[in-house]
Amino acid sequence: MENLIVIEGKEKYQYKDIKGLIENFINKNYFSMSEEERKNELEKKTIANTIQGNIKIVKLEKDKKDFEENAFILYDEISYILSMLKYNKIILLERTDANIFGRYINKENMQDNYIIINKFADEIMKKYLKNN
């Protein structure tokens with residue numbers, strides 16, 4: 001069983017780690033891009049995913065961690081993925097023991113093999129931004 005399963009429409013993708021997810025949903029060359037190229041790629045992808053839904057985009061700087069909850073947060077690749085989950089652009093299942101996004105939530109009483117991360121996107125976003 002893979003650590004991450006993404007459902008997008010009728011398609012299903014499986015990944016062993018966050019790197020594969022980012023390369024598939026942002027850019028296959030994302031990790032070989034310069035910081036400026038990454039920023040531009042994230043901005044393009046964010047606009048493409050918010051334009052039809054009239055969703056507000058909030059760009060956060062590295063020193064600012066407060067954010068508007070009813071917005072697509074553009075901080076880095078993790079906030080991009082979490083915003084995609086928040087607005088149900090994709091559905092992400094994470095194996096309970098993977099601790100990729102799940103490390104930010106209490107899994108104490110969870111019995112299932114997979115967690116639907118979308119349900120916890122806001123909570124994870126808050127904790128992620130606080131710690132990064």
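Please tell me which of these pairs span more than 19 angstrom C-alpha to C-alpha: K59/K130; K59/K126; K10/K39; K16/K62; K89/K119; K62/K130?
K10/K39; K16/K62
Leaving out ligands, DNA and RNA, and with a 1.4 Å probe, what % of the accessible surface on the stretch 5-132 is carbon or sulfur?
Carbon and sulfur together cover 43 percent of it.
Given axes a ≥ b ≥ c from the Cα gyration tensor, I'd like to know whether the stretch 85-132 is rounded (a/c under 1.5), prolate (a/b larger than b/c) or oblate.
It comes out oblate by the Cα gyration axes.
Pulled fully out, how much extra length does the chain show between E61 and F31, if you take 0.36 nm times their separation in residues and subtract their Cα-Cα distance? Walk me through the numbers on the way to the answer.
Values: separation 30, 0.36 × 30 = 10.80 nm, distance 2.00 nm.
Residue separation times 0.36 nm, minus the Cα-Cα distance, leaves 8.8 nm.
At 0.36 nm per residue, and after removing the present C-alpha to C-alpha distance, how many nm does the segment from Q111 to N88 gain when stretched out fully?
Going from the current span to full extension adds 5.9 nm.
Go through 25-31, 83-89, 5-11 and give me the packing order, highest mean Cβ count within 10 Å leading.
Output ranking for 25-31, 83-89, 5-11: 83-89, 25-31, 5-11.
Using Rg/Rh (Cα atoms, Kirkwood Rh) as the read-out, say which of (1) 0.94; (2) 1.04; (3) 1.02 was calculated from these coordinates.
Only one listed value fits the structure, namely (1).
Given Cβ point charges of +1 (Lys, Arg) and -1 (Asp, Glu) and nothing else, what value in debye, to the nearest 20, does the dipole of the chain about its Cα centre take?
120
Which whole-number percent gives the relative contact order of the chain, counting Cα pairs below 8 Å spaced six or more residues apart? Intermediate results must be reported in sequence, preceding the final value.
Numbers: 163 pairs, mean separation 29.7, N = 132.
RCO, the chain: 22 percent.
At a probe radius of 1.4 Å, what is the per-residue accessible area of R103, in Å² to the nearest 10?
It works out to around 150 Å².
Given the chain, what percent of its DSSP beta bridges are antiparallel, to the nearest 5?
Working: 12 of 15 bridges.
The answer is about 80 percent antiparallel.
Write out the GluC sites (Glu not before Pro) in the stretch 51-117 meeting two conditions: DSSP loop, and at most 12 other Cβ atoms within 10 Å of their Cβ.
Those satisfying the criteria are E61, E68, E69, E108.
Is it possible to state the helix-based mean residue ellipticity at 222 nm for the chain, with each DSSP H run of 4+ residues giving -39500 (n - 2.57), the sum divided by total residues, to the nearest 500 deg cm²/dmol? What is it?
Value at 222 nm, helices only: -10500 deg cm²/dmol.
Shape of the stretch 1-54 from its Cα gyration tensor (a ≥ b ≥ c, root eigenvalues): rounded if a/c is under 1.5, otherwise prolate when a/b > b/c, or oblate?
Oblate is the answer for the stretch 1-54, as a/c is 1.5 or above yet b/c matches or exceeds a/b.
The values are calculated or read from the model by the stated rules, or taken from the named source; none is laboratory data. Being a predicted model, the structure only gives us computed values, none of them experimental. Because the Cβ atoms are built from the backbone with ideal geometry, glycine has one as well, and the counts that use them run over all protein chains shown. With ligands, DNA and RNA removed, areas are computed over all heavy atoms of the protein, side chains included. Shrake-Rupley method; radii C 1.70, N 1.55, O 1.52, S 1.80 Å.
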